[in-house]
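Here's the structure we're looking at; comments come further down.
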Amino acid sequence: MMLEPVHALFNHAGFRAFWVKTRVPLVLAVAVAVLWLADPRWLLPGFLVSMAGEFIQLWCFASLDKNRDLACNGPYTLTRNPMYLGRFFIILGVVMLLGNAWVIVAYAVVYYFYMVNRVRREEVRLRAVLGVPYADYCAAVRRFVPGRPYRGNPVLYWNWGLLRQNHGWANLGGTLAFWIAAAARVWWL
């Protein structure tokens, strides 16, 4: 298949190790560049898209008891990987600030390969950790596209303790800090 080299890159241990070691300075550098190049016309649309993604992320954090239970409440009853979808929209809103359709398309393509390959690796690990219940869940719930609720599990689910345990407030704080900086850049500079 002609996309195998791309998948191989996203699964390459050295590339992944490099990303883990450099992601914070790289993300900060990209954030500064986006703020510098921000198109004021995209501030509100980008913010709204980003906040929709942030809500999905918070809902995930409030529904996920990592490595203890099979997460199949809240957004996890509709799709197996809602956190990656939420993150996609958080970053998409940021990328929209550039006001360039080609950059948005490039981001979507790169994120697709990141997400598909990361999820494949995680699913192998989760099958080993959670066993048959996870295999049954995978057979019934789509990987990315939301569908019918899993076995009637509650969609309207929110656990404040899990939100705190999963550091959901830090995620929200980081996203809001970026958007406050973006608003300051657009309105006052």
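Nothing in this text is a laboratory measurement; each read-out follows from the coordinates by a stated rule. All figures in this text were calculated on a predicted structure; none of them were measured in a lab. Because the Cβ atoms are built from the backbone with ideal geometry, glycine has one as well, and the counts that use them run over all protein chains shown.
Specify the angular offset, from 0 to 90 degrees and rounded to the nearest 10, of the alpha carbon long axis of helix 168-188 from the longest principal axis of the alpha carbons in the chain. With both axes taken from Cα atoms, the answer is about 20 degrees. At 222 nm, what helix-only mean residue ellipticity would the chain give, in deg cm²/dmol to the nearest 500, using -39500 (n - 2.57) for each DSSP H run of four or more? Result for the chain, helices only: -23500 deg cm²/dmol.
Counted residue by residue at 0.36 nm each, then reduced by the alpha carbon distance between them, the extension gain from residue 139 to residue 100 reaches 10.2 nm. Annotation for the range 113-189 versus the range 68-97: alpha-carbon center distance of 4 Å.
Here the gap between residue 170 and residue 129, fully extended at 0.36 nm per residue and compared with their Cα-Cα distance, gives a gain of 12.0 nm.
Here the peptides 69-79, 16-26 are ranked by packing, the mean other Cβ count within 10 Å, and the order with the highest first is 69-79, 16-26.
The stretch between residue 148 and residue 180, if pulled fully straight at 0.36 nm per residue, gains 7.9 nm over its current Cα-Cα span.
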